[in-house]
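Asker: A single structure is presented below for examination.
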Amino acid sequence: MQYWLMKSEPEEVSVDDAIAAPKSTVPWTGVRNYQARNFMRDQMRVGDGVLFYHSSCAEPGVVGLGEVASTPYPDPTQFDRKSKYYDAASKKEEPRWTLVDVHVRKKTRLLGLPELRAAKGLEDLVILRRGNRLSITPVEAKHWRQILKLLGET
DNA sequence: GCCAACGTTGGC
DNA sequence: GCCAACGTTGGC
């Protein structure tokens, strides 16, 4: 069992959007970074914990809890000419981009970036490290536990 | 809108 | 395979 932090831009898919989706589950489309893709393709397992994180917005931070809800499969948007995630170089027989479904179990209070940065013990959280821009990052078990505590989850 | 940090591309 | 130029991310 592993844990992950997954960034979503609320203007694209907010935590409310995700919860409102059928089965409160959304395909994690649009990842076009190999490292992030590899996490989904090679390391994620159904049931892994997910921190749903809002980025590129007024109040970035953790806003929801969920889990990985599928095994990896090709991201359909890479073949969709009308999608902004269309990738002309990706072939159907050899898809370049892979994703998983994420089930959002509950919306939490906003645990914002400033609060995350101020929390003793979270200094090494990948997302807080300088220059980190990865949209999907692993979360250590101890960090996961501390974040749940900060959220008032037990 | 700025810009630091990092990833990707492409000429050589 | 190197690396400069360019593009993107994402907080501020």
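Asker: Which far-off residues, 5 or more places away or on another chain, put their amide H under 5 Å from the one on A:Ser55, with H placed in the peptide plane?
Answerer: The answer is A:Ser8, A:Glu9.
Asker: Which is the longest stretch in chain A that no exposed loop site breaks, taking sites as GluC sites (Glu not before Pro) with a DSSP loop state and at most 12 other Cβ atoms within 10 Å?
Answerer: No qualifying site falls inside A:1-92, the longest such stretch.
Asker: So, one more: Which entries in the list A:Lys23/A:Lys107; A:Lys84/A:Lys107; A:Lys120/A:Lys149; A:Lys120/A:Lys142; A:Lys7/A:Lys92; A:Lys23/A:Lys91 go over 24 Å, if you measure between the two C-alpha atoms of each?
Answerer: Over 24 Å Cα-Cα: A:Lys84/A:Lys107; A:Lys7/A:Lys92; A:Lys23/A:Lys91.
Asker: Here's something else I'd like to know. Using the Cα centre as the reference, give the magnitude of the dipole from point charges on the C-beta atoms of chain A (Lys, Arg: +1; Asp, Glu: -1; all else neutral), rounded to the nearest 20 debye.
Answerer: With only Lys, Arg, Asp and Glu charged at Cβ, the dipole is about 200 debye.
Asker: Please express the shape of chain A as an equivalent ellipsoid: the semi-axes are the square roots of 5 times the eigenvalues of the C-alpha gyration tensor, given largest first in whole angstrom.
Answerer: 26, 16, 15
Asker: Oh, and also: What is the angle, in °, between the Cα long axis of helix A:141-150 and the longest principal axis of the Cα atoms in chain A? Nearest 10 is fine, range 0 to 90.
Answerer: 60
Asker: Further, regarding this structure: Return the calculated 222 nm mean residue ellipticity for chain A, to the nearest 500 deg cm²/dmol, obtained by summing -39500 (n - 2.57) across DSSP H runs with n ≥ 4 and dividing by the residue count.
Answerer: That comes out to -4500 deg cm²/dmol.
Asker: Let me ask another. Which whole-number value in Å³ per residue fits the convex hull of the alpha carbons of region A:16-85?
Answerer: Spread over its residues, the Cα hull of region A:16-85 gives 120 Å³ apiece.
Asker: Output ³J(HN,Hα) for region A:34-43: one whole-Hz value per residue in order, computed from phi by the Karplus curve 6.51 cos²θ - 1.76 cosθ + 1.60 with θ = phi - 60°, and x for Gly and Pro.
Answerer: Result, rounded to whole Hz: 5, 4, 5, 4, 4, 4, 5, 6, 10, 10.
Asker: Once each part is reduced to its C-alpha centroid, what is the distance from region A:5-41 to region A:86-143 in angstrom?
Answerer: Rounded to whole Å, the Cα centres lie 9 Å apart.
Every number in this text was worked out from the coordinates using simple rules, so none of it is lab data. The structure presented is a predicted model; accordingly, all values stated were derived computationally and were not measured. Here Cβ is always computed from backbone atoms with ideal geometry, including for glycine, and neighbour counts include all displayed protein chains.
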